[in-house]
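Student: Just passing along the structure, written as structure tokens.
We did not get these values from a lab; they are worked out from the coordinates using the rules stated. Remember, predicted model here, so these are calculated numbers, not experimental data. Cβ placement follows ideal geometry from the backbone for every residue including glycine, while neighbour counts extend to all protein chains displayed.
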Amino acid sequence: MSLQLRTNLLQFDPEELPPVYQFRATDEYCHGWKQLTRLYNKQYLPSAGLEEVLAALSGGPVWVNYKTAAKGGGTAIASLNPISYSQLCEALRIWAREITTGADEVTQFLRPEDAVHLDASTLFADPKQSEAMYKVVPWMLARQLTEQQMESSKPLTLSLCSDSTLLAWDQPLMYAKDDRRAIAMHAITTQLLLVHRRQRPYAAVGVHLSHILPQWRHPTHKVWYKTDRGISKFAIQIPPMKDGQFETRYSTVADRVLMKLGEPSLPPLGQGELELAGNLRPIHAHLPPFWPVGNGAGPLFLDQASFHFQKCVPSAKPMLTRYVGKLIASGRGVVQTPVTPIKVAVITAHTDIMARVAHVHDNLEDLTPVFSAGTKPEVVLQQVQRPGAMEALTTITSFDHLKQWFETQVLPVVKLMGAPVAIVETVPEVATKSDTDPKHILRTLFAKHGIATQFLFHITEARSKTAAGATVSSEPAPMDRKMGKRIKKLVATRLAKQGEEEDAIDYPAINGFLDAIRSTGYAPQPLQSVSGVPEDTIVLSIYLDHIRHQG
């Protein structure tokens, strides 16, 4: 029996995505940006406000490269929708004067090249544009999803917002009873993923509910605002109380820049009653308890979003995980003990960890000789990707915070599935010998409940191409230099005879998977049951006292 289980990862062909617009940086632009940074007297300029301005002008997502290189040639600004070149330069000039004083002499240099088309295939072919690729490609995918209505309980018209979120703006979920009101909108996000050892990129589809404030008394940090051009998201803030009153205002200079550009003024904040489904929709910072509208969009809506992605992107194919259960043959008079599968929980913050472990499981006989003569175990892999995993697994946090996340988010799921072992994601940035390393804390917490653990590093594309990422390499691990040279020579001779290069083997994932299986007590080649030691058996024991010389 073989069951195909879909995931929220969908493979696609970058060649079929429509282009966006890019304004390339000139040498003068890079010089002006550097001088403006010195005047601002901080490491980076507040480009978020400039992105809000340009997004409001174009009616779509905009990315401003705040780390402009010393010389021109790279992407300075990318936009999904066209922007007038003169309007862009004027917005740059006014924005520079608003963020710092003395910028008049610098603004004359802030003039990039005119807009040209930028294709997704160009971004994937140029490693120097990896940051732009992760920003821009989700826009291209999201725009494809707006071309058709999404099939749901009722057809949904998706609107693309300035942060590349797809909102069901015209079909919100509303609740109004007595004096209590609530509103939320279905939201779909697309994220670009370059899965380890996969040639084509993947898009991760996510869904959630964007909860809207019914009144100004609730805390908020962001606001949706719809104009004739599109839906923009603006950052807002509530400074400490003055004169016994709170004041809600925009966090950036976007409102002042748009007003000086002759655009309609942004609506005032924190005043008057909010229209339940109006053009201005503040977003809940923290959802109050017992809210009438549910917390999440639900798995059914995620399935509908994934099917909609496949309908709008012709080349999209979902990544499948396979659960294989062996049929137990039963003969007359023969009693066979059913094989109990080994359940492994894969605790992740990034989806590629699950893909790497699943790849090792599916190709176990080819990747390691451990099970060449023995029986391959039946393993059930279940990904556990809980809210807060990114902060808990990839950053150094406090013991109390990590313990609370473990006990509330992870432990109930792992106990429910009955997994005796867990493969947990970690990153090199938090790998230390101190007690603050998340894996030391999580290993102790899992052990208290009788669950063994193995940890696997998340490998980014940039890290895998550097020496620090040598964990994903077909070369042998560091060892004695003479022995290393001999092995390299043997490997080179073998490859020369084969006439082709071997693909990089993910040794960390292989070793982590094998150690996880061993920790459950599974032996790949169990010893034969014998009554005693056969005669004429020579038992050789080697005892190492100490090493006199290294090497």
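Student: Taking H as built 1.01 Å from N, whose amide H comes closer than 5 Å to the amide H of Arg200, not counting residues under 5 places away?
Tutor: Placed amide hydrogens put nothing under 5 Å from Arg200.
Student: Hey, another quick one. Can you run phi through the Karplus equation (6.51, -1.76, 1.60; θ = phi - 60°) for region 180-191 and list ³J(HN,Hα) in whole Hz, with x for Gly and Pro?
Tutor: Values, residue by residue: 9, 9, 7, 8, 8, 10, 5, 10, 10, 10, 10, 10 Hz.
Student: For region 387-460, run through the trypsin sites (Lys or Arg not before Pro) and keep only the ones in DSSP coil with at most 12 other Cβ atoms within 10 Å of their Cβ.
Tutor: Lys433, Lys448
Student: A follow-up question, please. Can you put Phe513, Phe290 in order, fewest other beta carbons within 10 Å first?
Tutor: Phe290, Phe513
Student: Can you pull out the chymotrypsin sites (Phe, Trp or Tyr not before Pro) in region 20-81 that DSSP calls coil and that have at most 13 other Cβ atoms within 10 Å?
Tutor: Filter output for region 20-81: Tyr44.
Student: Rounded to whole Hz and in sequence order, give me ³J(HN,Hα) for region 149-165 from the Karplus expression 6.51 cos²θ - 1.76 cosθ + 1.60, θ = phi - 60°, writing x for Gly and Pro.
Tutor: Each residue of region 149-165 in turn: 6, 8, 7, 9, 4, 9, x, 10, 9, 8, 10, 7, 9, 5, 9, 6, 7 Hz.
Student: Give me the percent of Cα-Cα pairs in region 119-243 that sit more than 25 Å apart, rounded to a whole number.
Tutor: 40
Student: Could you list Trp169, Trp216 so that the one with the fewest beta carbons within 10 Å of its beta carbon is first and the one with the most is last?
Tutor: Sorted ascending by nearby Cβ count, the order is Trp216, Trp169.
Student: If you wrap a convex hull around the alpha carbons of region 15-136, what volume per residue comes out, as a whole number of Å³?
Tutor: Dividing the Cα hull volume of region 15-136 by its residues yields 92 Å³.
Student: What is the order of Ser434, Ser541, fewest Cβ neighbours within 10 Å to most?
Tutor: Ser541, Ser434
Student: At 1.306 mPa s and 10 °C, plugging the Kirkwood radius over alpha-carbon pairs of region 65-111 into Stokes-Einstein gives what diffusion coefficient in µm²/s? Walk me through the numbers on the way to the answer.
Tutor: Numbers: Rh = 11.9 Å.
Estimated diffusion coefficient is 133 µm²/s.
Student: Per residue of region 446-459, in order, report the coupling 6.51 cos²θ - 1.76 cosθ + 1.60 (Karplus, θ = phi - 60°) as ³J(HN,Hα) in whole Hz, putting x for Gly and Pro.
Tutor: After applying 6.51 cos²θ - 1.76 cosθ + 1.60, I find 5, 5, 4, 10, x, 10, 6, 9, 10, 10, 10, 6, 6, 10 Hz.
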